1. Among the numbered criteria (1) exposed (fewer than 12 other Cβ atoms within 10 Å of the Cβ); (2) touching a strand residue (DSSP E or B) at 6+ places or on another chain (Cβ under 9 Å), which one does Ala91 miss?
2. Which condition number does Met97 fail, the rest of (1) assigned to a loop (DSSP other than H, G, I, E, B); (2) open to solvent by less than 10 Å² (accessible area, probe 1.4 Å) being met?
3. Pairs, please: C-beta under 8 Å, at least 6 apart or cross-chain, first residue within 20 Å of Asp117 (Cβ to Cβ) and in the range 186-209, second assigned to a helix (DSSP H, G or I) and not β-branched (Val, Ile, Thr)?
4. Kindly provide the set of residues from the range 133-158 that are more than 21 Å from Thr4 (Cα to Cα), open to solvent by less than 50 Å² (accessible area, probe 1.4 Å) and part of a loop (DSSP other than H, G, I, E, B), ordered by number.
5. Restricting the search to the range 11-28, which residues are under 25 Å from Val197 (Cβ atoms) and either charged (D, E, K, R) or in contact with a Gly (Cβ under 9 Å, 6 or more places away or on another chain) (or both)?
6. Would you confirm whether any residue within the range 26-46 is among the charged types (D, E, K, R), open to solvent by less than 40 Å² (accessible area, probe 1.4 Å) and either part of a loop (DSSP other than H, G, I, E, B) or closer than 24 Å to Asp92 by Cα (or both)?
7. For Ala172, work out the one condition from (1) on the phi > 0 side of the Ramachandran plot; (2) in contact (Cβ under 8 Å) with a residue 60 or more places away in the chain; (3) open to solvent by 50 Å² or more (accessible area, probe 1.4 Å) it doesn't fulfil.
8. Give all pairs with beta carbons closer than 6 Å in which a residue from the range 65-89 that is closer than 19 Å to Val47 by Cα meets a residue that is of a type in the set (Lys, Arg) and exposed (fewer than 15 other Cβ atoms within 10 Å of the Cβ); count only pairs at least 6 apart in sequence or on separate chains.
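The values are calculated or read from the model by the stated rules, or taken from the named source; none is laboratory data. Note that the structure is predicted; figures quoted are calculated from it, not measured. Here Cβ is always computed from backbone atoms with ideal geometry, including for glycine, and neighbour counts include all displayed protein chains. For accessibility, only protein heavy atoms count, side chains too; no ligands or nucleic acids. Shrake-Rupley method; radii C 1.70, N 1.55, O 1.52, S 1.80 Å.
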Amino acid sequence: MTMTYQRRTKDQLAARVAQDIFDGAVVNLGIGQPTLVANHLPAGREVILQSENGILGMGPAPAEGDEDFDLINAGKQPVTLLKGGAFFHHADSFAMMRGGHLDICVLGAFQVSATGDLANWSTGEPGAIPAVGGAMDLAIGARQTWVMMDLLTKQGVSKLVAQCTYPLTGIACVKRVYSDIATLECTPQGLKLIDTVDGLTHAELEKLVGLPIAAA
């Protein structure tokens, strides 16, 4: 297959996710790629970012040289605190996550099924370090769970699958998948296309994923 499209960079993907976060939303950004979303929220849109280690009102990454390593996100990266923001005990943070107080969480994933099952804490490989963290609490506790990931593994295998083969984080919890080449919705009937990068046809995307995808 001849590639006629350009993949989204990590920052372009973060900007694509940020575009869909509504004004007034309370959002948790998971460890890894999702933390970049904080740097791309549209000006004038109020989005309250929560971090599972106990921050509400988290801002974007600080300018180089302005880092305060006593103020970090769950991935141990330095962040900023917006006016009115607060930090608090880990247990209070998990109460927020489990209590349905988050509108959206954005997580990474190893696999997502067409109907929204999520596997993002272990590949089950020998020697792999399980790292579930707060992912299970977030995936089930948030009103919407979005996944942000590369669509294919380094071996060219789709991370969108008919059924997850890795240990599950949550069942039927993922509503949208934002990838480097397409944005898709997970429904009880399977995958539905939201958009693709320029130059990628519907047929090419279905061939890469290996699953039927309903048209946008």
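1. (2)
2. Of the numbered conditions (1) assigned to a loop (DSSP other than H, G, I, E, B); (2) open to solvent by less than 10 Å² (accessible area, probe 1.4 Å), the odd one out for Met97 is (1).
3. Listed pairs, sorted by first residue: Leu193/His202; Leu193/Leu205.
4. Gly134, Ala142
5. Asp11, Arg16, Asp20
6. no
7. In the conditions (1) on the phi > 0 side of the Ramachandran plot; (2) in contact (Cβ under 8 Å) with a residue 60 or more places away in the chain; (3) open to solvent by 50 Å² or more (accessible area, probe 1.4 Å), Ala172 misses (2) alone.
8. none
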